[in-house]
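The values are calculated or read from the model by the stated rules, or taken from the named source; none is laboratory data. These numbers come from a predicted model, not from an experiment. Reconstructed Cβ throughout: ideal geometry from the backbone, glycine too, with neighbour counts over all protein chains shown. For the accessible areas, the whole protein counts, side chains as well, though only heavy atoms, and no ligand, DNA or RNA atoms are used. Shrake-Rupley method; radii C 1.70, N 1.55, O 1.52, S 1.80 Å.
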Amino acid sequence: MMLCARCKWDMAEDTPGEIEDIQKEWDERSTSYDAYFNTFGGKLDEYLRWKLIKESLPEDKTARILDAGGGTGMVALPLAGMGYAVTLFDLSPGQLRVAEEKLRKHELSEAVEIIEADIAELPFPDEFFDLVLAVRGPISLATEPSKAVVELSRVTKRGGRICVDVSSRYWAVIRKYGRDPETALKLIRSELDHVHGAHGFGRVFSPEELEETFGRNGITVTGIYGDFAYYLPEEMRKATKWEERSYNQVTEILERLSRESSVTGMGNDLILVGEKY
């Protein structure tokens, strides 16, 4: 994934991006973004998230599903193919145009409602969706991450489920402390909340912060999982050819690590699954 000019590991700024800047950056990425999912790292990204999403899917195919910050439809498209009605929104019109083209190609346009919106200000009624998804970083990248959590929780039905991911605070510390111990110390002290993560420059969370943030918005957390794909060597993550045996071995390792509570917080991303009470 390409990095924006301001997303440097030596940045110690603790402010999220402006909406216009985020929108422009993801518009520019829209035509190349899907290529990442043809790499070994991209397939691993899909594997873990899809496993958790499938465990959260409603049995009722008439259930309303929200794909928040869903970009090019990497989640909405397969869900529509499974027979679900999905609402896909994103801040980037460029990303949404790619999603529209893919849906037309697969004759699934009628199954997915597409809306341009800000995750921190959702145009949906309270308790509207049976399942809310926000994966691959939209909360961390939001201009107001705490407000994004409020909004995602608000539109989830009571008894409904939610599955989101965020950039990990402790992974950022691990990446920083050898080259920039001052910033790493601020991160681990929670004096600094924004840094470059797996998805770009955005808000980082510890498992405890993540659970507390959603908990105070009415979400009972049923699991927090760590994603360790970025611990693989860069050449391995970027590979476009691999042996099936190696893939199966690595996915089993990643899945076992993801569910190992003693190391969860060290994942590059944290994936939260919960239910609204």
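Taking a probe of 1.4 angstrom, what is the accessible area of Y36 in Å², to the nearest 10?
Rounded to the nearest 10, that gives 40 Å².
Under the rule of -39500 (n - 2.57) per DSSP H run of 4 or more residues, summed and divided by the residues of the chain, what mean residue ellipticity at 222 nm is obtained, to the nearest 500 deg cm²/dmol?
Values: 11 runs with 105 residues, N = 277.
Calculated mean residue ellipticity at 222 nm is -11000 deg cm²/dmol.
With Cβ to Cβ distances under 15 Å as the rule, what net charge do the other residues near N217 carry (K, R +1; D, E -1)?
Details: positive: K147, R154, K157, R158, R161, R216, K276; negative: D126, E127, E144, E151, E209, E211, E212, E275.
Charge balance near N217 sits at -1.
Mind listing the phi-derived Karplus ³J(HN,Hα) values for the range 24-39, rounded to whole Hz, using 6.51, -1.76 and 1.60 with θ = phi - 60°, and x for any glycine or proline?
Karplus-based 3J(HN,Hα) across the range 24-39 equals 5, 4, 6, 4, 5, 7, 4, 7, 10, 4, 5, 4, 4, 7, 9, 9 Hz.
In square angstrom, what is the accessible area per residue of the range 182-227 with a 1.4 angstrom probe? List each step's numbers first, then the result.
Values: 1750 Å² over 46 residues.
In whole numbers, the range 182-227 has 38 Å² accessible per residue.
Specify the inter-centroid distance of the range 43-59 and the range 237-257, based on alpha-carbon positions, in whole Å.
Each part's Cα centre sits 16 Å from the other's.
Mind sorting out which of (1) 30, 25, 19; (2) 24, 23, 19; (3) 26, 22, 20 is the real semi-axes √(5λ) of the Cα gyration tensor in Å computed from the coordinates?
(3)
Apply the Karplus curve 6.51 cos²θ - 1.76 cosθ + 1.60, θ = phi - 60°, to the phi angles in the range 127-142 and return the couplings in whole Hz, x for Gly and Pro.
Listing the rounded values in order: 6, 9, 10, 7, 9, 10, 10, 8, 10, 6, x, x, 5, 4, 8, 5 Hz.
Only sites in a loop by DSSP and with at most 15 other Cβ atoms within 10 Å count here; which GluC sites (Glu not before Pro) in the range 181-212 make the cut?
Numbers: sites: E182, E191, E208, E209, E211, E212; in loops: E191.
Loop-located and lightly packed - E191.
Can you check what the net charge comes to around Y36, using other residues whose Cβ is under 12 Å from the Cβ of Y36 (Lys, Arg +1; Asp, Glu -1)?
Details: positive: R29, K43, R136, R237, K238; negative: D34, D45, E46.
Around Y36, the charge tally is +2.
If DNA, RNA and ligands are ignored and the probe is 1.4 Å, what is the ranking of V250, V150 by accessible area, most exposed first?
Values: V250 20, V150 65 Å².
Of V250, V150, the descending order of accessible area is V150, V250.
Taking a 1.4 Å probe, which of D165, D180 shows the most accessible area, and what order do the others take after it? Before the final figure, lay out the partial values.
Values: D165 0, D180 30 Å².
From most exposed to least exposed: D180, D165.
Order T213, T240, most accessible first, counting only protein heavy atoms with a 1.4 angstrom probe. Don't jump to the answer; show the numbers that get you there.
Numbers: T213 15, T240 100 Å².
Descending order: T240, T213.
How charged is the neighbourhood of C163? Take every other residue with its Cβ under 9 Å from the Cβ of C163, and add Lys/Arg as +1 and Asp/Glu as -1. Walk me through the numbers on the way to the answer.
Numbers: positive: R49, R161; negative: E55, D165.
Charge balance in the 9 Å sphere: 0.
So, taking all protein chains as they sit and a 1.4 Å probe, how much accessible area belongs to Y177, in Å² rounded to tens?
Here the accessible area works out near 150 Å².
Using the Karplus curve 6.51 cos²θ - 1.76 cosθ + 1.60 with θ = phi - 60°, work out ³J(HN,Hα) for each residue of the range 181-194 in order, rounded to whole Hz, and write x for Gly and Pro.
x, 4, 5, 4, 5, 5, 5, 6, 7, 6, 8, 10, 10, 10
With a 1.4 Å probe and every protein chain kept in, tell me what percent of the accessible surface of the chain is carbon plus sulfur.
On the way: 6380 of 12790 Å².
Roughly 50 percent of what the probe reaches on the chain is carbon or sulfur.
Solvent-accessible area per residue for the range 24-80 at a 1.4 Å probe radius, Å²? Mind showing how you got there, number by number?
Values: 2200 Å² over 57 residues.
Here the residues of the range 24-80 average 39 Å² of exposed surface.
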